[in-house]
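So the structure is just underneath, and the comments pick up after that.
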Amino acid sequence: MIYLDNAATTRVKEEVLEAMKPYFCDKFYNPSSIYGPSRDVTKEINNARKFIAQSIGASENEIYFTSGGSEADNWAIKGIALSRKDKGRHIITSKIEHHAVLETCKQLESLGFEVTYLNVNSEGLISLSELEDSIREDTILVSVMSANNEIGVIEPIKEIGEICHKHNVLFHTDAVQSYGNINIDVNDMNIDLLSTSAHKLHGPKGIGFLYVKRGVMISPLISGGNQERGKRAGTTNSALIIGFAKAIELKLRDMKSNNEYVLNLRNHLVTRVMKEIPYVRINGSMENRLPGNINFSFRFIEGEGMLLKLDMAGICASSGSACTSGSLDPSHVLLAIGLPHEIAHGSLRISINEENTMEEMDETVDVLVKVIRELRSMSPLYEDFVKKEGSVNV
Ligand SMILES: *Cc1c(COP(=O)(O)O)cnc(C)c1O
């Protein structure tokens with residue numbers, strides 16, 4: 001099996017699992033209780049919180065643990081909308097956000113908020129001047145992702161934050177894909193709210209955090225107990241928090257060498273694909289991009305068929321087409337960068353990390369060359385195209 005879908009989720013590292021284990025049985029105590037064993041767990045959670053806060057240049061009382069990236073995104077946007085609705089009801093986001101952001105914005109639109117969806121250029125980058133022009137008197141929040149989950153493009157976060165602050169607008173960024181892969185400093189980058197998730201960086205599923213800058217008023221999304229300083233109720237998930245801290249510790253420790261290693265794998269894969277497969281394009285900027293992400297579109301290919309054939313060969317990857325999730329619409333991200341439907345449908349996202357090897361890259365390209373050739377040989381459109389092109393050997 002070759003796993004090339006690390007943008008979807010990652011394997012929990014052995015050390016992360018070991019760090020979590022004691023908190024299920026030996027140290028199962030509710031950190032909110034007052035007896036000694038509970039206080040010990042609280043102490044360890046505080047250390048984890050402090051470490052995580054430092055990893056983005058924040059302080060520990062600016063970190064709120066959530067059930068993951070989706071909750072953090074929902075909370076950031078709904079929480080600010082609720083707390084600032086008397087100041088204004090206009091929100092700005094981009095067309096390429098994760099569904100956790102886009103669907104939240106849609107829900108707010110149905111509740112009377114107005115949302116501007118910024119365009120991106122063919123590279124997948126938003127325009128800073130379009131952003132500035134979109135800010136109005138009643139704009140309360142801008143939410144633009146740090147790195148995109150489909151095409152890996154890294155947005156100019158620091159500059160976006162600068163513009164927001166110039167106009168007294170709060171800035172939220174979904175950093176689920178970038179956290180642990182690029183350096184993030186919330187103060188230097190003018191970030192007011194930031195979402196992360198542990199399972200994209202070898203941590204457990206079901207834990208993330210929302211950073212909320214000190215002084216920013218946000219309404220709770222989950223009401224109840226007094227956990228997370230009264231802002232996010234629910235019994236503190238000790239094991240997952242400890243696991244998250246261990247995962248980001250390892251991720252940051254090895255970030256530089258892992259990124260170099262992963263980039264080398266990706267470059268090899270890209271070079272071979274571009275040389276050995278005709279009628280292929282790369283989606284998204286190559287300069288501003290996460291090292292582990294590559295996204296191809298193959299003409300005359302239907303993404304679902306390609307993924308099934310890759311799966312049969314033991315390769316796990318993902319398509320830009322949303323067919324697999326029961327919808328026939330191609331990816332909103334690929335449409336936003338200007339791809340026509342039929343080309344967006346033939347897309348393949350490969351997300352590599354440091355657990356992959358050069359041998360896996362070579363085997364993947366070998367299989368891909370075969371799969372694309374097979375699928376195209378069954379395509380009447382491709383047959384017509386080749387006839388017109390007068391080409392015989394593709
Ligand atoms: C995975 C992902 C999310 C959702 O995170 P979960 O922890 O799975 O809820 C949000 N945004 C981006 C960019 C993601 O890649």
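Which one of these does His199 not meet: (1) part of a loop (DSSP other than H, G, I, E, B); (2) surrounded by fewer than 24 Cβ atoms within 10 Å (Cβ to Cβ); (3) within 12 Å of the ligand (Cβ to nearest atom)?
With respect to (1) part of a loop (DSSP other than H, G, I, E, B); (2) surrounded by fewer than 24 Cβ atoms within 10 Å (Cβ to Cβ); (3) within 12 Å of the ligand (Cβ to nearest atom), His199 is out only on (1).
For (1) touching a strand residue (DSSP E or B) at 6+ places or on another chain (Cβ under 6 Å); (2) touching a residue at least 12 places away in the same chain (Cβ under 8 Å); (3) not hydrophobic (A, V, I, L, M, F, W, C), each residue gets a yes or a no:
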{"position": "Ser122", "(1), (2), (3)": "no, yes, yes"}
{"position": "Asp133", "(1), (2), (3)": "no, no, yes"}
{"position": "Arg136", "(1), (2), (3)": "yes, yes, yes"}
{"position": "Thr139", "(1), (2), (3)": "yes, yes, yes"}
{"position": "Val142", "(1), (2), (3)": "yes, yes, no"}
{"position": "Asn148", "(1), (2), (3)": "no, yes, yes"}
{"position": "Lys158", "(1), (2), (3)": "no, yes, yes"}
{"position": "His165", "(1), (2), (3)": "no, yes, yes"}
{"position": "Thr173", "(1), (2), (3)": "yes, yes, yes"}
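What are the residues in segment 84-98 that are under 30 Å from Leu334 (Cβ atoms) and more than 16 Å from the ligand (Cβ to nearest atom), if any?
His90, Ile91, Ile92
Glu260: among the charged types (D, E, K, R), part of a loop (DSSP other than H, G, I, E, B) and more than 16 Å from the ligand (Cβ to nearest atom), yes or no?
no
Hey, can you tell me all the residues within segment 126-141 that are more than 16 Å from the ligand (Cβ to nearest atom) and not small (Gly, Ala, Ser)?
The answer is Leu128, Glu130, Leu131, Glu132, Asp133, Ile135, Arg136, Glu137, Asp138, Thr139, Ile140, Leu141.
To keep it simple, each residue is scored yes or no on (1) buried (at least 23 other Cβ atoms within 10 Å of the Cβ); (2) over 21 Å from the mean Cα position of the chain (by Cα); (3) charged (D, E, K, R).
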position	(1), (2), (3)
Phe65	yes, no, no
Gly69	yes, no, no
Trp75	yes, no, no
Lys85	no, yes, yes
His90	no, yes, no
Lys95	no, no, yes
His98	no, no, no
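When you look at Tyr64, is it closer than 28 Å to Asn181 by Cα, within 16 Å of the ligand (Cβ to nearest atom) and among the hydroxyl-bearing types (Ser, Thr, Tyr), yes or no?
Here the answer is yes, as Tyr64 does meet what is asked.
Starting from residues that are among the charged types (D, E, K, R) and surrounded by fewer than 16 Cβ atoms within 10 Å (Cβ to Cβ), keep the ones in segment 206-229 and report whichever is farthest from the ligand (Cβ to nearest atom).
In this case the residue turns out to be Arg214.
If you check every pair at least six apart or on different chains, which have Cβ atoms under 7 Å apart with a residue in segment 1-19 that is touching a residue at least 12 places away in the same chain (Cβ under 8 Å) and basic (Lys, Arg) first and a residue that is outside any loop (DSSP other than H, G, I, E, B) and within 15 Å of the ligand (Cβ to nearest atom) second?
Cβ pairs passing all conditions: Lys13/Ala247.
Out of the residues in segment 275-333 meeting the condition of being of a type in the set (Asp, Glu) and modelled with pLDDT of 95 or more, tell me which one is farthest from Ile184 (Cα to Cα).
Glu276
Would you mind stating whether Lys27 is more than 14 Å from the ligand (Cβ to nearest atom) and assigned to a helix (DSSP H, G or I)?
Working: more than 14 Å from the ligand (Cβ to nearest atom): yes; assigned to a helix (DSSP H, G or I): no.
Considered against the rule, which asks whether it is more than 14 Å from the ligand (Cβ to nearest atom) and assigned to a helix (DSSP H, G or I), Lys27 comes out as no.
Table: residues versus (1) under 29 Å from Phe24 (Cα atoms); (2) of a type in the set (S, T, N, Q).
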{"site": "Thr236", "(1), (2)": "yes, yes"}
{"site": "Ile241", "(1), (2)": "yes, no"}
{"site": "Ala247", "(1), (2)": "yes, no"}
{"site": "Ile277", "(1), (2)": "no, no"}
{"site": "Ile282", "(1), (2)": "no, no"}
{"site": "Met286", "(1), (2)": "no, no"}
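Mind checking which residues of segment 143-158 are of a type outside the set (S, T, N, Q) and within 16 Å of the ligand (Cβ to nearest atom)?
Val144, Met145, Ala147, Glu150, Ile151, Gly152, Val153, Ile154, Glu155, Ile157
Determine the pairs where a residue that is on the phi < 0 side of the Ramachandran plot, located within segment 255-272, has a partner that is assigned to a helix (DSSP H, G or I) and buried (at least 17 other Cβ atoms within 10 Å of the Cβ) with Cβ atoms under 6 Å apart, the partner being 6 or more residues away or on another chain.
Leu265/Met361; His268/Met361; Leu269/Met361; Arg272/Val365
Hey, can you tell me all the residues within segment 287-315 that are among the charged types (D, E, K, R) and within 21 Å of the chain's Cα centre (by Cα)?
Glu287, Arg289
State all residues of segment 264-288 that are part of a loop (DSSP other than H, G, I, E, B) and either among the aromatic types (Phe, Trp, Tyr) or within 16 Å of Ile337 (Cβ to Cβ) (or both); if no residue qualifies, say none.
If the condition is that a residue be part of a loop (DSSP other than H, G, I, E, B) and either among the aromatic types (Phe, Trp, Tyr) or within 16 Å of Ile337 (Cβ to Cβ) (or both), then Tyr279, Asn283, Gly284, Ser285, Met286, Glu287, Asn288 are the ones that fit.
Which one is nearest to the chain's Cα centre (by Cα), of the residues in segment 100-109 that are within 14 Å of the ligand (Cβ to nearest atom) and over 13 Å from Ala76 (Cβ atoms)?
Ranking the candidates gives Leu102 first.
Working only within segment 166-191, note down all residues that are more than 22 Å from Val120 (Cβ to Cβ) and away from the ligand (no atom under 16 Å from the Cβ).
Within segment 166-191, Asn168, Asn183, Asp185, Val186, Asn187, Asp188 meet the criteria.
Just one of (1) free of Cβ contacts under 8 Å to residues at least 60 places away in the same chain; (2) among the polar types (S, T, N, Q); (3) assigned to a helix (DSSP H, G or I); (4) surrounded by fewer than 16 Cβ atoms within 10 Å (Cβ to Cβ) trips up Ser33, so point out which.
(3)
The values are calculated or read from the model by the stated rules, or taken from the named source; none is laboratory data. Just so we're clear, the structure is a prediction, and the values are computed from it rather than from any experiment. Cβ sites come from the backbone with ideal geometry, for glycine too, and all protein chains shown count toward neighbours.
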